[in-house]
Amino acid sequence: MSAFTHLECSMTGARLAADRAHNLSPEGWPLLARYDLTTLRRTADRDAIAARPAHAHPGFWKWRELLPVADDAHVTTLGEVDTPLIETPHSGRTLGLKGQLLVKDEGRLPTGSFKARGLALAVSMARRFGITAMAMPTNGNAGAALAAYGARAGMETWSFCPADTPEVNVREISAQGGRVYRVNGLIHQCGALVGALKEEMGWFDVSTLKEPYRIEGKKTMGIELASQLGWTLPDAIFYPTGGGTGLIGMWKAFDEMEALGWIGPERPKMFAVQADGCAPIVRAFEAGEEHAPEWLDASTSAAGIRVPKAIGDFLILRAVRASGGAALAVSEDDIEEVRALCGIVDGLLLCPEGAAAMAAVRQARQRGLIEADARCVVFNCGSGLKYALPDRARDLDRTKPVTRAMLEG
Ligand SMILES: *Cc1c(COP(=O)(O)O)cnc(C)c1O
């Protein structure tokens, strides 16, 4: 059912056989999975595939033709769902948008973040190649998804987190069967540890973009989005960008769907959103550079986008530029303000990264980068419930008279 044929170096275009496990290309660049789209164009009916029943093909697993897993026995599932597209009209108006503002709420996936998409695919493919131990650096959500899918597949998983990773993320990893370490450093330094120890420990390295299949899972966000919008795409996508897997993956999915005749040549403007305290992609975008040098002293409350150096930087920048979009940085105040706004006026609790993406809608409007009536999609990458919330409750002493004036005062 899978039309997967081979791997291709994202920089040189060199082909590699997909008959064994791979990390980077021999030249040291991310690898991309390629499919027999010519045959698929004749045989694959987008609407029939979209209508596959969830009990047999949960969530993103319905797009099996465009996924690399050939054998059903390798499919590792925890009950994936199609994530909802939720209108947030009050937030949209407050942020200066007259068009539709839609949030794709990825927090509904297993382990509460969109990392489930990528790691489900990475683990399933690792299973195919007989891998039994995997390791990665993680700001939390990726490690949680690796641990959960790894446990499901009977594998050993090792996660290395920066010491100030949100506590729930660190703990959920071991609660789902993974080994986890707090490291006194940032994510790329955790990555260096994995690199240094992997041979001795017998680990397969599943760091962002250092194996080819997490992108394939993440690209299903683009397919799912198109199918939910009646095989059209929005005017703009706001994506909180760390390693950029999702942005690169969606951009790839759009090309694949066009080659299949599922969508036309039109594309949304892609906005890669980062935080003021860690904005390497924004800096490179503005400087007109192809690569984004490491951001020093990275700091932001939005841990998922605290990635000082991304190996797929050039793929993110190419997609953003080709789309006519931009890379935008938002402040910590913006993140907090918009998180509160969307929760209070639209009843939808965002994670800090999702709030950053929504805050960038206001900036894009103010800078004239999108029309007032644009239809915008914001990715809320994880459940808002995973992150610390401001305490707005007041204490009440029930042993004394409680009056209306007290409650309303
Ligand atoms: C990983 C993560 C991101 C960044 O996603 P990439 O596709 O790696 O850029 C954003 N937000 C959250 C909550 C994450 O866990």
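Structural remarks
- Of all residues making up the range 356-409, the number that are of a type in the set (S, T, Y) and either within 16 Å of the ligand (Cβ to nearest atom) or in contact with a Gly (Cβ under 8 Å, 6 or more places away or on another chain) (or both): 2
- When the criteria are applied in full, L328 fails the requirement of being modelled with pLDDT of 95 or more, surrounded by 23 or more Cβ atoms within 10 Å (Cβ to Cβ), within 12 Å of the ligand (Cβ to nearest atom) and not in a loop (DSSP other than H, G, I, E, B).
- If you go through the range 286-316 and keep only what is within 16 Å of the ligand (Cβ to nearest atom) and among the aliphatic types (A, V, I, L, M), you end up with A292, A298, A302, A303, I305, V307, A310, I311, L315, I316.
- Listed by position, the helices (runs of 4 or more DSSP H) inside the range 163-236 whose residues that are among the basic types (K, R) and under 19 Å from the mean Cα position of the chain (by Cα) number at least 3 are 214-228.
- Residues satisfying the stated conditions in the range 331-354, i.e. within 14 Å of the ligand (Cβ to nearest atom), farther than 20 Å from L369 by Cβ and out of contact with any Gly (no Cβ under 6 Å at 6 or more places or on another chain): R339, P352
- Residues in the range 129-153 that are in contact (Cβ under 8 Å) with a residue 12 or more places away in the chain and surrounded by fewer than 24 Cβ atoms within 10 Å (Cβ to Cβ): F129, I131, T132, A133, A151, R152, A153.
- Search result, residues across the range 220-246 that are of a type in the set (V, I, T) and away from the ligand (no atom under 13 Å from the Cβ): I223, T232
- Among the conditions (1) more than 17 Å from P68 (Cα to Cα); (2) within 13 Å of the ligand (Cβ to nearest atom); (3) modelled with pLDDT of 95 or more, V194 misses just one, which is (2).
- Extreme residue, nearest to the ligand (Cβ to nearest atom), among residues of the range 131-160 that are among the polar types (S, T, N, Q) and outside any loop (DSSP other than H, G, I, E, B): N141
- Within the range 221-240, residues that are touching a residue at least 60 places away in the same chain (Cβ under 8 Å) have Cβ atoms under 9 Å from residues that are in a loop (DSSP other than H, G, I, E, B) and of a type in the set (K, R) in these pairs: L229/R375; P234/R375; D235/R375; A236/R375, counting only partners at least 6 apart in sequence or on another chain.
- Restricted to helices (runs of 4 or more DSSP H) entirely inside the range 245-324, those with at least 2 residues that are in contact with a Lys or Arg (Cβ under 6 Å, 6 or more places away or on another chain) and within 24 Å of R339 (Cβ to Cβ) are 245-259.
- A single entry from R283, R318 fulfils the requirement of being touching an Asp or Glu at 6+ places or on another chain (Cβ under 9 Å) and under 28 Å from R375 (Cβ atoms): R318.
- Residue satisfying condition, being surrounded by fewer than 23 Cβ atoms within 10 Å (Cβ to Cβ), acidic (D, E) and within 16 Å of the ligand (Cβ to nearest atom), within set D105, D82, D164, D71: D164
- Residue within the range 366-374 that is under 28 Å from T165 (Cα atoms) and either crowded, with 24+ Cβ neighbours inside 10 Å or not acidic (D, E) (or both) present: no
- A126 within 16 Å of the ligand (Cβ to nearest atom) and surrounded by 24 or more Cβ atoms within 10 Å (Cβ to Cβ): no
- In the range 23-68, residue surrounded by the fewest Cβ atoms within 10 Å (Cβ to Cβ) [restricted to those that are in contact with a Leu (Cβ under 6 Å, 6 or more places away or on another chain) and over 24 Å from G261 (Cβ atoms)]: S25
The values are calculated or read from the model by the stated rules, or taken from the named source; none is laboratory data. Just so we're clear, the structure is a prediction, and the values are computed from it rather than from any experiment. Here the Cβ is made from the backbone with ideal geometry for all residues, glycine too, and neighbour counts use every protein chain on show.
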